[in-house]
Structure formats: structure tokens, C-alpha cells
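Novice: First the structure, which I've put down as C-alpha cells, then a few questions once you've had a look.
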Ligand code: RAT
Ligand code: ZN
């Protein structure tokens, strides 16, 4: 095949391959959609969708504060505004008064365009009317079809009261064939004393001092929640300074280490479930921005290596937030078959970085990794996150197949189909069932 033929073949196959999205913040309709005029914000419905949610994505909240600073619009004032007012503010400042060339802005445009709306008429009122006519459950099907996603993996933080109460009130909230649950357990590993206080209120006999009884009760807690959620893996997000083994002088980190070794990895092995670690988020450097207030830092790949070596019966899904960690993480994955590298996470989900990271991964790992996840917080974002990533992955793959052919191995359509199926679906499913 000549280069142009390779390009068009790869582009078509990449577009046609349904994707299993391994990490999102999307929910089944039974988790409810937010009340447009919330009284109790914390108990608001969890499935976000529509143009106002797209515009008030936390990436865009952070960006609008670059141009209308907090000295002009104090954070508390922004958060008191209705969702519509917040969306109007972001639309005016990031789309109308400046060109929306940033990735998160471009994402809104791609999404609206692919949904069949024309953002260039700049008419938010018309777009709101269109979204108001959609039925959430049917709309999920429509978005999944446009994004060509076959399965959505939720993130289900068990220490979040809103989320927890919904599971307790009706465990069938999780039963929708389009979605799979993931048990997210950050406080157990990041702040054991706080987690222990909550778990003991919930009827688990655990204490801040990690005794054998505490370990058994914490295992019982995880088993109960895995059963309730039918979760397909467990997950945590960790700060850049997370280390394994932990610093012996840091008692909270030491407790976290025991919980990791004796509880999380123990139960993960028992259930044959992967444990996902998203490493490198430095939380709330600017709390005024709420979800938009986190940043990143350089993490320690050797800690991941230490874990993969010591717990060879466990399966680790790992992504890191700093660009500077990507090469070392990739090399670590060459050493450990129980380490599955995934995604271009959050601040890495930008075209130039995706291009560089996937290129390097293909060179070092062949097709044995999971190139991307959407991290969508708003249902409609699936459309742009996957459209943008598919385009780049197809370009990078085109180069790699062309180089392979030059080296004497002809590109065959059925081989490309098989490879792309591995990347977008089967690598994940095979890792789960391993
Ligand atoms: O990407 C994001 O939206 C972040 O706010 C986080 O949710 C992150 O992906 C996480 O799962 O912790
Ligand atoms: Zn996430």
C-alpha cells in the first residue's frame, strides 16, 4: 500500500472500531441529572449532559479565570451564579470575545457540530432548547453511537456521600448494560484516619491504628462494595509525592501502605481485579476554582516498579499526569506484564502531547497498551474526546505502519483491524479476564 492508502485505511478502521472507554465520570440515568435550580448542591443528580454542562466543565472554569480574574469576579460570586449564568459568562469570554482555539473550547465546538448543531450561529438559547428536548436515556444511546463507544466505565467514589447514598438506597442504580462500575477508594490510601472514622460510623470495626481486626474489617468493606457495585476494577488517584515503600517517618503514608498491601491488593487478587493508579495530581492548589483548582507534579515511577515486582500476582492499570513521567513509565511497562499503561490523562489530553506519547508507546510497547480513556465528566464530551484522540492515533499509526512496510512487512487491512481492536477494546478486556 502507498502512504495515502495506508492513511485512509487506518483512518477508516480507527473510526469504525467501537471503543470501551475505561475511565469516565459518567453515570447511568438512575443516578439522576442535576436540578437546574439546586437547593442542596451536594445531593444533586450525577449524570451531567447538555450545553451548559459542557461550557462549565472545570477545564473551562479555570480558563475563564485567566481572562476575567478573581479580582473582578470573586470565586464565591461565580459559584453563586446559576449554571446558565456561569455558562453565559464562559461563552462570552472564551468563545465570543476571544477565539476558542484551546483544546477544551475546541472540544465544545466539535461536540456541538457532530451533534448536528451549528455553533457558529452563536445562539446558546437555541442550543439549550435542543438539549431540553432530549430524553437522557435515549440521548446516552445517541452520544454513544456518534462517539462509537460500546461501553462506559464509571468512577464510583464510595466516600462521596451523594454517590454512596444512591447505591445504598437502590443498588440497581448501577445496572445499565451500557455502564460498568469502578470502586474508587482514594481516602483509604491517602488519608487513612479520615477513612477509618467514616468506615467505623458505617458499621465496620476499624481503627486509626491498623490492627489485624482493622485489616479484616477493611477487606469486608471492599468486598461488600465490590459486590454492591459489581465493580470491574478498583481505583485511586495519588499525589506526585506518593512513594512505595512509604516514608517510615510519615505515619499516614505508612498506614496507607499497609492498607494497600494488606487490604486493597489482597482483595484485588482474591477477586482477580486490576487496581488502577492515576498518579501525579496535586489537589486544590487553588481551591477557589473547585474541581478546576488541581494541578500536577512529577511522580516516582520506581514506586510503581517496586509494587509490580513485589505483587506479581496483582494487575496494575497505571496512568501518570506529568509529561516527564511518560518515558520512564513506558520503560517500566516493558519490564512488567502486570503493568498496563493507559490513557493521556487530563492535562495530557491535548493533541501535541497525545501525538508524542502514543508515538513513543508504539515504539516501546507495540500495541500492548491502552492508548486513551475519555475522562468525560459530561456525557456529550465523549463526542469530542474520542473524535480528537482517534484522529491523532490514526495519524501516528499511519506513520508506524508505513515504516513497518518500508522495513519489509506489508500492511494488510485485516491486521490493522486486529491491532486497532486490541488498542481500543481487547487489551482492556483481556487484562480484566487474565
Ligand atoms: O480529569 C478530570 O476531570 C479530573 O478532575 C479528575 O476527575 C481525574 O480524572 C480523576 O479521576 O481523579
Ligand atoms: Zn478521572
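Read-outs: derived from the displayed coordinates by stated rules, not from any lab. The structure presented is a predicted model; accordingly, all values stated were derived computationally and were not measured. Glycine gets a Cβ as well: all are built from the backbone with ideal geometry, and neighbour counts include every protein chain shown.
Novice: Between residue 249 and residue 134, what FRET efficiency comes out of the Förster formula 1/(1 + (r/R0)^6) with R0 = 56 Å and r the beta carbon distance, rounded to 0.05?
Specialist: Once the sixth-power term is evaluated, E becomes 0.55.
Novice: Would you kindly work out the equivalent ellipsoid of segment 238-367 from its C-alpha gyration tensor and give its semi-axes, the square roots of five times the eigenvalues, largest first in whole Å?
Specialist: Ellipsoid semi-axes (Å, largest first): 24, 21, 12.
Novice: Per residue, how much space in cubic angstrom lies within the convex hull of the C-alpha atoms of segment 10-133?
Specialist: Enclosed volume per residue, from the Cα hull, is 149 Å³.
Novice: Separate question: Between residue 407 and residue 328, how high is the FRET efficiency from 1/(1 + (r/R0)^6) when r is the Cβ-Cβ distance and R₀ = 35 Å? Nearest 0.05.
Specialist: Details: r = 27 Å, r/R0 = 0.78.
Efficiency computed from Cβ-Cβ geometry: 0.80.
Novice: Right, something else. How much length is gained on full extension from residue 3 to residue 417, taking 0.36 nm per residue of separation minus their Cα-Cα distance? Please list the in-between numbers first.
Specialist: Details: separation 414, 0.36 × 414 = 149.04 nm, distance 1.72 nm.
Gain on stretching residue 3 to residue 417: 147.3 nm.
Novice: Please report the orientation-averaged projected area of segment 321-425, defined via the convex hull of its C-alpha atoms, in nm².
Specialist: On the way: hull surface 28.6 nm².
Directional mean of the projected Cα hull area for segment 321-425 stands at 7.2 nm².
Novice: In the chain, what percentage of the DSSP-assigned beta bridges are antiparallel, given to the nearest 5? It would help to have the intermediate numbers written out before the result.
Specialist: On the way: 2 of 27 bridges.
Here the share of antiparallel DSSP bridges comes out near 5 percent.
Novice: Let me ask something else. What does the extension gain come out to for residue 270 and residue 114, with contour length at 0.36 nm per residue minus their alpha carbon separation?
Specialist: Residue separation times 0.36 nm, minus the Cα-Cα distance, leaves 51.8 nm.
Novice: Also: When 327, 266 are ordered from fewest to most other Cβ atoms inside 10 Å of their Cβ, what list results?
Specialist: Lowest count first: 327, 266.
Novice: Under a GNM of the chain (C-alpha, springs under 10 Å), which listed residue has the highest mean-square fluctuation: 44, 389, 352?
Specialist: Among 44, 389, 352, the largest mean-square fluctuation in the Gaussian network model of the chain belongs to 352.
Novice: Related question: Using the alpha-carbon centroid of each, what span in Å lies between segment 177-229 and segment 383-434?
Specialist: First find each Cα centre; the distance between them is then 38 Å.
Novice: Points 7 angstrom from Cα along the Cβ direction at residue 75 and residue 201: gap in nanometres?
Specialist: Taking the simple label geometry, residue 75 and residue 201 are separated by 2.4 nm.
Novice: Here's another thing I want to ask about it. Extension gain residue 122-residue 194, at 0.36 nm per residue separation less the Cα-Cα distance, in nm?
Specialist: 21.2 nm
Novice: Next question, about the same structure. Using the alpha-carbon centroid of each, what span in Å lies between segment 3-30 and segment 66-91?
Specialist: 35
Novice: So how far apart, in nm, are the two label points at residue 291 and residue 213 if each is 7 Å from Cα heading toward Cβ?
Specialist: 4.0
Novice: How big is segment 181-321 in terms of Cα radius of gyration and Dmax, in angstroms?
Specialist: Reported Rg and Dmax, both Å: 14.8, 42.
Novice: Can you compute the FRET efficiency between residue 306 and residue 352 using 1/(1 + (r/R0)^6), with r the Cβ-Cβ distance and R0 = 30 Å? Round to the nearest 0.05.
Specialist: Working from the Cβ atoms, E equals 0.40.
Novice: Nearest 500 deg cm²/dmol is fine: what mean residue ellipticity at 222 nm does the chain get from its DSSP H runs of n ≥ 4 alone, each adding -39,500 (n - 2.57), divided by its residue count?
Specialist: The per-residue figure over the chain is -14500 deg cm²/dmol.
Novice: By per-residue mean of other Cβ atoms within 10 Å, what is the highest-first order of 364-376, 70-82? Intermediate results must be reported in sequence, preceding the final value.
Specialist: Working: 364-376: 20.8, 70-82: 12.4.
Packing proxy ranking, top to bottom: 364-376, 70-82.
Novice: Could I ask something else about it? What nm distance separates the two modelled labels at residue 98 and residue 170, each placed 7 Å from Cα along Cα→Cβ?
Specialist: 4.3
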